[in-house]
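> Structure in structure tokens, see below.
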Amino acid sequence: MIRRTTRIAAAAVAFAALAACSSIPLGTASKLRGLDYLNDDVASLLLAFDLPPSLEPVEGASTISFDITTPSSGERRIKATLVAADAGDLAGTLPPPTGERNYYLFGFSDPDKQLIREAQAWAKTLPAGNNALSISLNPKLCRTEPLDPAKTTVSALIALPGAPGLAPLLSNQPLSTILASAPIKDVPPCAGHSG
């Protein structure tokens with residue numbers, strides 16, 4: 001069990017596309033559908049960005065970081081780039097997007113999946129103690145048109161293939177709230193758009 005070998009430090013979502021260093025706390029692992037970060041196939045995790053038409057993810061720029069740290073056994077840090085996933089992987093799991101919103105589905109590349117699985121295998125060998133796992137999501141977003149950050153919301157959902165349900169990492173979070181703690185105060189225009 002995860003609590004035996006890894007105490008989950010506060011898992012956080014850093015919305016770094018909008019801000020280089022802003023973070024939004026997720027809380028404990030129980031808020032993430034009780035995922036067992038040591039025993040579940042985290043490498044097969046799928047992520048869905050739920051965005052309005054005025055926002056798009058920048059291709060090949062979003063990442064998830066996994067950091068396992070221990071007081072006596074060293075650390076493992078993985079920065080996995082999100083790659084487009086097949087919509088069939090979440091078929092029947094995602095409710096239809098509301099209004100005019102769009103889903104953008106992502107998973108991990110094969111080399112990143114291997115690194116994640118190796119880190120999980122290593123973490124299972126660690127003695128019980130003050131080991132900690134933290135996860136941060138860094139989606140890179142751009143805008144296709146001018147937008148009002150107070151009225152523009154973003155959501156991010158996660159699922160394991162074959163597992164029922166989704167867990168929200170962000171749920172209808174106003175862009176203005178995210179940008180309030182960000183070093184930048186605007187989302188850049190998408191390539192090919194005047195924004």
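> Taking every pair of distinct Cα atoms and averaging 1/r, then inverting, what Kirkwood hydrodynamic radius in Å comes out for region 42-181?
16.4 Å
> For region 42-181, what % of the accessible area comes from carbon and sulfur atoms, probe 1.4 Å?
52 percent
> Also: How big is the Cα convex hull of region 42-84 in projection, averaged over all directions, in nm²?
Projected over every direction and averaged, the Cα hull of region 42-84 covers 4.1 nm².
> About its Cα centre, how strong a charge dipole does region 42-181 have in debye, to the nearest 20, once Lys and Arg get +1 and Asp and Glu get -1 at the Cβ?
380 debye
> If you don't mind, there's one more thing I want to ask. What does the highest-first list of 39-51, 99-111 look like by mean Cβ count within 10 Å?
39-51, 99-111
> A follow-up question, please. Would you mind working out the accessible area per residue for region 42-181, using a 1.4 Å probe, and quoting it in Å²?
46 Å²
The values are calculated or read from the model by the stated rules, or taken from the named source; none is laboratory data. Predicted model, so just to flag it, every value in this text is computed and none were measured. FYI the Cβ positions are ideal-geometry reconstructions off the backbone, even for glycines, and counts take in every protein chain you see. All accessible areas refer to the heavy atoms of the entire protein, side chains included, with ligands and DNA or RNA removed. Shrake-Rupley method; radii C 1.70, N 1.55, O 1.52, S 1.80 Å.
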